[in-house]
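All of the numbers you see were taken from the coordinates with simple rules; none came from a lab. Here the structure is a predicted model, which is why all the values come from computation and not from measurement. For neighbour counting, all protein chains shown are included, and Cβ atoms are generated from backbone atoms with ideal geometry for every residue, glycine included.
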Amino acid sequence: MTSPHDIIIKPIITEDSMGRMDEGVYTFKVAKNATKSEVKKAVEVVFGEGVKVAKVNTMNVRGKMKRVGANVGKTPDWKKAIVTLAKDSKAIEFFEGL
């Protein structure tokens with residue numbers, strides 16, 4: 001079994017994701033092989049007592065084609081998880097100062 005810190009790689013901080021935090025919706029980059037139930041457990045463990053996840057949506061994001069001169073390459077594919085907290089849940093403190 002993988003640890004919760006291995007499942008959640010990093011938060012995604014964009015204008016859209018910051019605007020949805022007031023609604024209790026947070027966005028994370030997660031491990032490619034992580035399931036929705038694993039992401040739910042990882043968020044509840046990593047961010048502590050009082051954080052309850054109501055819903056998790058995941059999507060696989062394709063890497064972009066990049067070109068440098070005559071060389072063509074591709075950035076890696078990755079997985080994004082959009083986590084919705086329950087109404088009685090406390091906010092994730094990691095995002096409080098942003």
I'd like to check which strands (runs of 3 or more DSSP E) are fully inside the range 32-98 and have at least 2 residues that are without any contact (Cβ under 8 Å) to a residue 40 or more places away in the chain and either surrounded by 14 or more Cβ atoms within 10 Å (Cβ to Cβ) or over 11 Å from the mean Cα position of the chain (by Cα) (or both). 53-61, 65-68, 71-74
Could you list, ordered by first residue, the pairs with Cβ atoms under 8 Å in which the first is in the range 1-14 and over 13 Å from residue 43 (Cα atoms) and the second is loosely packed, with under 14 Cβ neighbours inside 10 Å, at least 6 apart or interchain? 13/98
Looking only at the range 32-51, count how many residues are of a type in the set (Gly, Ala, Ser) and farther than 13 Å from residue 89 by Cα. 3
Identify, please: which residue in the range 6-31 is among the polar types (S, T, N, Q) and within 25 Å of residue 88 (Cβ to Cβ) and is, among those, farthest from the chain's Cα centre (by Cα)? 17
